[in-house]
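Step one of this worksheet: look at the structure below.
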Amino acid sequence: MRTVVIGGGICGLAVAHRLARAGTEVTLLEASGQLGGLGTFFPWRDRWIERFYHCVMPTDENLLPLLDELGLRDDVRWERTSMGMIVDGRHYPFNSALDLLRFTALGVVDRVRFGAVSVLLRRLGKGKDLDNLRTEDWLRGLYGDRVWQNLFAPLFGSKFGAAFGDVPALYLWQRLGRERNVAVRGYPRGGYKTIIDALRASIESHGGVVRTSAPVRVLGRNHVELAGGETIVADRIVSTLPLPALRQAADAEMTPLLPQVNLRYQGVVNALFVLRQPLSGHYWTPVLRSGTEFDGVVEMTPLTGPVDGRHLAYVMRYTDRESPLFAEDESVIAARWTEQLRSLHPGADVEEVHVFRAPFVEPVYPVGYLAQQPEVEVAGTPLLLATTAHVYPSVTSWNSSVGLANRVSEIIVRTAASMSPDGEPVP
Ligand SMILES: Cc1cc2nc3c(=O)[nH]c(=O)nc-3n(C[C@H](O)[C@H](O)[C@H](O)COP(=O)(O)OP(=O)(O)OC[C@H]3O[C@@H](n4cnc5c(N)ncnc54)[C@H](O)[C@@H]3O)c2cc1C
């Protein structure tokens, strides 16, 4: 039984790795010249650096066992990291009760309420139908109008745009479970490329095939067609592509069979600054109402230490792939965002700026999404879907992609076991 996996990001790689190890014939097809998807990297001096900031969390219950299997778990360097906050141009640490008491971006009463509710928030959400509750309704009710307006709307709205209030409260609740202000975070020695390389080596050593620069142009019922016309027939096809991209590739027979759910996706524009000096020392600093287009700063130094004597800081703006910013020239964004970074950190000693963008990061989930979430198996076809639309309510991350890959590959291995070698069901 032959499986074709479309997409060589972490999800596709993890599916192919599982299938190859289980002795199932598998071919992975990646459109670009590089494996890793959103976790890809670019060469810098004598090393590789991620295009988009990435870190591992100690709660990554699917990713960490995979790293174990690859012999890489001990290569993760763990550090305790902190959070800052920039509001109206003012810098605040945002990690302890004392920090909150000094957080003058909110009035005294709101600070106390913020602290008390935040401590209880995870518990307050338990047993509630948060998937059917708008985030805005939930948070306004608990924290009050001012905290919603001054803090949450700009803070989390940066991820989903104006629609943030409409995203199910369940998404936020899950996110709070994964991330905390003061958090131990991990980063693999040698970067994420080490994980990608190890997955490729594992797939190939178990007889699987990995092809880069192999974009799937047409998805048929039991075949895919590559740019250039090559056709590959398969008993199972796993697509890790965002649903809009998959729809574009589907042929006339497959189009009506694909999930009809219509999701808007957020993309991202992100700039990596190579600096001669660190900025704040916080890993994560949201930036609110401070005259910048980017919504946050992620400094890697607290996690990785200086890299070749330099400090890496990412700034990011989640945005629609149709937005004017997404279409703008990289050098123009780099110049403007350098000025904006300097307005926050006047001494910022910028050596280089690299701008990267990705059109599909994750869907903007609608309220009640659990009832509309497409199935992994597309009924009546050999197609399985393993996309960011399927990881909800988990947060989009390498961890949730690996969890989904585990689910999908188990289905394939189970069906393969019930088939004879010529593809017929075993009675
Ligand atoms: C700015 C940013 C920061 C993030 N930070 C973190 C973090 O700290 N920790 C964390 O765990 N996660 C983080 N993530 C999320 C994480 O990167 C994603 O959830 C994960 O990489 C998704 O993997 P995937 O394989 O599902 O999709 P993708 O990585 O998008 O992979 C899809 C692959 O399919 C390929 N493809 C597309 N079209 C075709 C085609 N027609 N034929 C063949 N191949 C095709 C693409 O080239 C791509 O390689 C972050 C993401 C972003 C953007």
Inset, instruction - Would you give the gap between the C-alpha center of the stretch 206-283 and the C-alpha center of the stretch 1-48, rounded to a whole Å? - result: 11
Inset, instruction - Rounded to the nearest 10 degrees, what's the angle between the helix 330-344 long axis and the longest principal axis of the chain, both from Cα atoms, 0 to 90? - result: 30
Inset, instruction - List the relative contact order of the stretch 265-364 as a percent without decimals, with contacts defined as Cα pairs under 8 Å and 6+ residues apart. - result: 45
Inset, instruction - Just report the Cα centroid separation between the stretch 73-151 and the stretch 295-333, whole Å. - result: 24
Legend entry - Between 0 and 90°, nearest 10: helix 169-178 axis offset from the chain longest Cα axis: 80
Inset, instruction - Tell me the GluC sites (Glu not before Pro) within the stretch 317-385 that lie in a loop according to DSSP and have at most 16 other beta-carbon atoms within 10 Å. - result: E322, E328, E375
Inset, instruction - Skip the ligands, DNA and RNA, and give the accessible area per residue of the chain with a 1.4 Å probe, whole Å². - result: 42
Legend entry - Hydrodynamic radius of the chain per Kirkwood, over alpha carbon pairs, in Å: 22.9
Legend entry - Which of F360, T285, Y187, positive extreme of dipole for the chain (C-beta unit charges): T285
Inset, instruction - List the pair-distance distribution P(r) of the stretch 227-315, using every Cα-Cα distance, as the percent of pairs falling in each 5 Å bin from 0 up to the bin containing the longest distance, rounded to whole percents. - result: 3, 10, 15, 14, 8, 8, 8, 10, 12, 9, 4, 0
Inset, instruction - Roll a 1.4 angstrom probe over the protein heavy atoms and tell me the percent of accessible area of the chain that is carbon or sulfur. - result: 52
Legend entry - Dipole in debye (nearest 20) - the stretch 96-180, about Cα centre, beta carbon charges: Lys, Arg +1; Asp, Glu -1: 320
Inset, instruction - Collect residues whose amide H, placed 1.01 Å from N in the peptide plane, falls under 5 Å from the amide H of A250; neighbours closer than 5 in sequence don't count. - result: L219
Inset, instruction - Note down the relative contact order for the stretch 96-180 as a percent, whole number, built from C-alpha pairs under 8 angstrom at least six residues apart. - result: 34
Legend entry - Which of T135, T212 is most accessible, then next, and so on - probe 1.4 Å: T212, T135
Legend entry - Degrees, to the nearest 10: 192-205 long Cα axis against longest axis of the chain: 10
Legend entry - Percent RCO, i.e. relative contact order, over the stretch 275-427, from Cα pairs under 8 Å lying at least 6 residues apart: 15
Legend entry - Nearest-20 debye value, the chain charge dipole, Cβ charges on Lys, Arg, Asp, Glu: 1180
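The values are calculated or read from the model by the stated rules, or taken from the named source; none is laboratory data. On a predicted model such as this, the values are computed, not experimentally measured, just so you know. Don't worry about glycine lacking a Cβ; one is built from the backbone with ideal geometry, like all the others, and counts go over all protein chains shown. The accessibility values were calculated without ligands, DNA or RNA, using every heavy atom of the protein model including side chains. Shrake-Rupley method; radii C 1.70, N 1.55, O 1.52, S 1.80 Å.
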